[in-house]
């Protein structure tokens, strides 16, 4: 009953803020996660310049999956974005990896032997 009353009298959007805070803390319980052993890492990366393609290529070469945020470069320079994505796409294809768009600003780039379902 108390929870119901809080919902009625609570601040609009408060529950949404709690969800955002919760989601922001996911994975932070174990701060030594980079010390753990793993065969493959999923690494988030922000694409800000053409030169950033080298870092993505290195991660693919190491067998890691890259979750790529293209928003900064997309908003700044569409031509450079295309050039950079073409470099990354070529690298992924050359090692039998894959690249796929997940959302407006997110791409998933995978190393050898990992394909992205497009269904």
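Since every read-out is calculated from the coordinates, none of them should be taken as a lab result. All values reported here derive from a predicted model rather than from experimental measurement. Quick reminder, even Gly has a Cβ in these numbers, built from the backbone with ideal geometry, and neighbours come from all protein chains shown.
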**Message:** Between residue 78 and residue 93, what is 0.36 nm times their sequence separation minus the Cα-Cα distance? Round to one decimal in nm.
**Reply:** 3.2 nm
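Treat the count of other C-beta atoms within 10 Å as a stand-in for reagent exposure and order 116, 42 from fewest to most.
So the ranking, lowest neighbour count to highest, is 42, 116.
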**Prompt:** For the range 40-110, how big is Rg over Rh, using alpha carbon atoms and the Kirkwood form of Rh?
**Reply:** 0.92
**Asked** Where does each of 52-64, 95-107 land if you order them by average Cβ count within 10 Å, highest first?
**Response** 52-64, 95-107
**Message:** Taking the number of other C-beta atoms within 10 Å as the exposure measure, put 87, 93 in order starting with the fewest.
**Reply:** 93, 87
